[in-house]
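Written out below as structure tokens is the structure these notes cover.
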Amino acid sequence: MAVDDITSIHHIGLIVRDMDAALDAFRRFGFQIGAPAYPALPPSPGEEPEPVGAGNTHADFPRGFIELLALAPQQSDRLPEVARLIPLQVPDEHLAATRAVIGQTVANLEARLAIAEGAHILVFACDDAETTAARLEANGVGSSGARTAQRPVATAEGTKLGTIKFLEINDDDPGSPPGMVPEGRVGVAEDVPAELLDAQTGLDHPNGAVRLAECVICVDEDQLTATTSRYERYLGRAAAFDGPSAVFDLGSSRLALTTAAALEARLPGEKPYVTPSLSAYTIEVTDLTAAEGHLRSQGVPVRRTADGRPFVPAEAALGAALVFEQAATD
């Protein structure tokens, strides 16, 4: 069953209510994170652009990132003070259709935010989005098909635009909106060329973060088997069971599907805000002791996992528990 087109977790995205508060929190957690960018379009041809959709920013790693998203206010003067407004170049005849597409995206984000602030986006990395799209189709998994977009990458020579390809997985549950599955927005991305990723700057995080290592999805106990089967089709590989959890080895990262009881056993005191949900994620750091010291110096509440790793509880980490672990050394 194993197919190697999925190579790791590309990124996890948190939808937040207050971008300024989110930036402050993640900087206290020890992440270097830039000013958020908000797309803008005119309400009608000839008018001044206004914020649309959602603004976002990243805590970047050599491969992958954490994304923070917040819905755009209608007035520019209500943006975060450090925000950048990015006018989109859309021909007048396509303006209404573009705004309609963005409106659907906003509706999906609003629906997730109405459930809770937290992690609602999970994107896997692949080598070739067209190949992955074809495999998903062959396995009966609906998707948007591979689409092309531009990703800005900060380098020592300035910000460069690289081409990415991505797809969104569609669930066959009629209750899930287009581009969504029960636990949120799940997709796959073929990133910009490796030489551009290798030229990234802004990767020196005060907490020593170097990699997104794991995502934990919490489901109802009676849905664990069905959800595992669903992700086996998404990822093209079988899960291994570790007690009450199904674990997918993605090489440099892993995905765990578990139950509410198992989540609390693993992360004492944690309960999912809803099931299914992206309930926790793990970041590798170069020095775990130093990372914990940074958290405590910033007044961040720290608990211990069942196996002794430090984590920030979901209630303090904007809805998803943030676990830290020691990166392997060569």
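The values are calculated or read from the model by the stated rules, or taken from the named source; none is laboratory data. A quick note: this is a predicted structure, and the numbers were derived from the prediction, not measured. Neighbour counts are summed over all protein chains in view; Cβ atoms, including those assigned to glycine, are modelled from backbone coordinates with ideal geometry.
If only residues of segment 264-310 that are assigned to a helix (DSSP H, G or I) and acidic (Asp, Glu) are counted, the one that is surrounded by the most Cβ atoms within 10 Å (Cβ to Cβ) is Glu292. For the subset of segment 12-39 comprising residues that are surrounded by fewer than 18 Cβ atoms within 10 Å (Cβ to Cβ), of a type in the set (A, V, I, L, M, F, W, C) and not in a loop (DSSP other than H, G, I, E, B), which member is farthest from the chain's Cα centre (by Cα)? My answer is Ala21. Based on this model, can you work out whether Ala246 counts as over 18 Å from the mean Cα position of the chain (by Cα) and of a type in the set (A, V, I, L, M, F, W, C)? Spelling it out, Ala246 is indeed over 18 Å from the mean Cα position of the chain (by Cα) and of a type in the set (A, V, I, L, M, F, W, C).
Filtered by the rule that a residue be in a loop (DSSP other than H, G, I, E, B) and either within 24 Å of Glu137 (Cβ to Cβ) or without any contact (Cβ under 8 Å) to a residue 24 or more places away in the chain (or both), segment 221-259 gives Gly236, Arg237, Ala238, Ala239, Gly243, Pro244, Leu250, Gly251.
Among the candidates Leu197, Leu167, Leu122, Leu161, which residue alone is at pLDDT 95 or above, touching a strand residue (DSSP E or B) at 6+ places or on another chain (Cβ under 9 Å) and on the phi < 0 side of the Ramachandran plot? Steps first, please.
Numbers: Leu197 fails: at pLDDT 95 or above; Leu167 fails: at pLDDT 95 or above; Leu161 fails: at pLDDT 95 or above.
Testing whether each residue is at pLDDT 95 or above, touching a strand residue (DSSP E or B) at 6+ places or on another chain (Cβ under 9 Å) and on the phi < 0 side of the Ramachandran plot leaves just Leu122.
Of the residues making up segment 177-194, one or more are surrounded by 21 or more Cβ atoms within 10 Å (Cβ to Cβ), of a type in the set (Lys, Arg) and either modelled with pLDDT of 90 or more or over 30 Å from Val285 (Cα atoms) (or both). Filtering segment 242-259 to residues that are surrounded by 17 or more Cβ atoms within 10 Å (Cβ to Cβ) and more than 22 Å from Ser8 (Cα to Cα) leaves only Thr259. Arg304 passes every criterion in (1) touching a strand residue (DSSP E or B) at 6+ places or on another chain (Cβ under 7 Å); (2) basic (Lys, Arg); (3) over 29 Å from Ile115 (Cβ atoms) apart from (3).
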